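The values are calculated or read from the model by the stated rules, or taken from the named source; none is laboratory data. Small disclaimer: the values here were computed from a predicted structure and weren't measured. Note that we place each Cβ from the backbone using ideal geometry, even for glycine, and neighbour counts take in every protein chain shown. Just the protein is used for accessible areas: all its heavy atoms, side chains included, with ligands, DNA and RNA removed. Shrake-Rupley method; radii C 1.70, N 1.55, O 1.52, S 1.80 Å.
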Amino acid sequence: MLNYIWSFLVVFSVLCAVLLGNTEALSKAFVDSAADAVQLLLTLAGVICLWSGLMKIAEKSGLTSLAARLFAPLLRRLFPRLDKNSAAFEAITMNITANLLGLGNTATPPGLKAMRELHALNGHGDTASDEMVLFVVMNTASLQLFPATLGALRQSAGSAAPFEILVPVWISSACALAVALSLALAGNRLKRRSLCRSSCPSLR
């Protein structure tokens, strides 16, 4: 759906520029936007490569295992049916660690691996399990302690203090995560009750 929306906006904008006689401004915008896109790509690529390399070093050195032990008490409460030594638990831990550093792109590969592992453990076919729903919510409304990508974007836009937004980011991401987790847990409880009622006629 987003592809159709973006395509419509682009075509509509070009038609308006042509009909209003702003073709010169349109051509300039195309050239400037292409140059800005390449510059932004290079800026973000440097940050992503740096932190992706650090994440790989952390994985090889055992720091991710340490992070898994640190997060284990909380994650065991959120994912009680997962073995803490399982591939799904490890992938969830790596995804959360990357999100804490504000590295959405770096968090994507372990996030996809976690979903594959959770789907393999799911006994309900194509219906998402409670763990899958909860993980997607945590990945989307993630807590960010160090928003590296956002800082790089602000720096590329000319900000003199790209990381002065740390406190607002901490507050907003913590609130978003708390609300999202509350809704996901409540939704999972309602789903379990509904399944229980449907399978236990005496409880209806």
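Restricting to region 147-164, what's the tally of residues that are small (Gly, Ala, Ser) and either touching a Pro at 6+ places or on another chain (Cβ under 8 Å) or surrounded by 16 or more Cβ atoms within 10 Å (Cβ to Cβ) (or both)?
Residues that pass the stated criteria total 4.
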Item to complete: Please work out which residue is modelled with the highest pLDDT, limiting yourself to region 89-112 and to residues that are open to solvent by less than 30 Å² (accessible area, probe 1.4 Å) and over 19 Å from Gly62 (Cβ atoms).
Response: Gly111
Worksheet item: Does Gln144 satisfy the condition of being crowded, with 18+ Cβ neighbours inside 10 Å and among the polar types (S, T, N, Q)?
Response: yes
Item to complete: Take region 147-180 and flag every residue that is touching a helix residue (DSSP H, G or I) at 6+ places or on another chain (Cβ under 7 Å), under 14 Å from Ile48 (Cβ atoms) and not aliphatic (A, V, I, L, M).
Response: Pro147, Thr149, Ser156
Practice prompt. Residue by residue through region 113-144, note down the ones that are in a loop (DSSP other than H, G, I, E, B) and β-branched (Val, Ile, Thr).
Written response: Thr127
Worksheet item: Are there any pairs, at least 6 apart or on different chains, whose C-beta atoms fall under 8 Å, with the first in region 178-194 and farther than 10 Å from Val137 by Cβ and open to solvent by 60 Å² or more (accessible area, probe 1.4 Å) and the second part of a helix (DSSP H, G or I) and modelled with pLDDT under 85, and if so, which?
Response: Lys191/Asp130; Arg192/Asp130
Fill in: Qualifying position, being open to solvent by 40 Å² or more (accessible area, probe 1.4 Å), within 19 Å of the chain's Cα centre (by Cα) and hydrophobic (A, V, I, L, M, F, W, C), among Val133, Val167
Val133
